[in-house]
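A.B. asks: Got a structure for you, written out below as structure tokens; questions coming shortly.
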Amino acid sequence: MKKIVLSLALLAVVFAAEAQQVSSRAKAVRMLAYARAEYQVKDVKVYADTMTVFSLADYPIYPLGKWSTVEDYITSNQLLWYRESGYKTFYDTMTVSVNTLKRLDGTNINVYRSIWTNKLEMVAAKITDSAVVLANGIHVGMSKEEVFKTIFRSHPKSYTSDIHVLKVIAGAAEVGEVYTFKGNKLRHIQIVSKYKYY
């Protein structure tokens with residue numbers, strides 16, 4: 001009798017795990033249908049507490065907006081930045097000037113000016129200051145619902161209740177944002193890229 005009960009319990013655990021996988025796939029497909037047109041979302045993946053959105057829009061590539069110089073960006077947001085400049089190796093063969101903008105709370109943004117686009121391109125960033133607002137309006141301190149409403153027209157709240165990390169990645173997967181939530185609030189924003197720096 002104990003063997004039968006144990007077998008039934010094991011089967012219940014296996015079926016529950018399989019149902020959770022189907023649920024994650026169903027969430028991803030449904031969320032894709034809710035995506036805002038301006039984000040040009042091509043795919044959504046849900047794995048455990050992380051949702052990844054693949055977008056063909058400019059938002060993931062230019063999260064701070066399109067700027068020609070660091071001075072233009074600094075002037076536009078009127079925040080006090082501490083600026084450092086240095087040179088780093090890029091794509092193994094080029095040396096480019098990388099500007100690091102820092103705030104007192106530890107927020108830092110690393111950018112370089114591309115010779116191909118004549119725009120500031122992102123290398124990396126960690127944003128914890130609520131005064132720093134991305135081009136899409138997202139900033140630290142927003143509620144999880146407000147962040148998701150920026151990217152999706154609507155969605156069932158149960159689909160995002162267990163999501164603690166939202167990644168919005170450029171279609172080529174070379175740059176993107178990572179939004180990390182603590183409770184119902186956006187705690188910090190990280191900008192990641194696959195550009196090769198040493």
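A.B. asks: Tell me the trypsin sites (Lys or Arg not before Pro) within the range 63-125 that lie in a loop according to DSSP and have at most 14 other beta-carbon atoms within 10 Å.
C.D. replies: Here the trypsin sites (Lys or Arg not before Pro) that fit, given the DSSP loop and packing criteria, are K66.
A.B. asks: What lysines does K45 reach when the alpha-carbon gap must be under 27 Å and sequence neighbours fewer than 8 apart in one chain are set aside?
C.D. replies: K27, K126, K144, K149, K157, K167, K182, K185, K194, K196
A.B. asks: Per residue, how large is the accessible surface of the range 66-198? Use a 1.4 angstrom probe and give square angstrom. Show your work: numbers first, answer last.
C.D. replies: Numbers: 6850 Å² over 133 residues.
Here the residues of the range 66-198 average 52 Å² of exposed surface.
The values are calculated or read from the model by the stated rules, or taken from the named source; none is laboratory data. Computed from a predicted structure; not experimentally measured. FYI the Cβ positions are ideal-geometry reconstructions off the backbone, even for glycines, and counts take in every protein chain you see. Note: areas computed on protein heavy atoms with side chains; ligands, DNA, RNA excluded. Shrake-Rupley method; radii C 1.70, N 1.55, O 1.52, S 1.80 Å.
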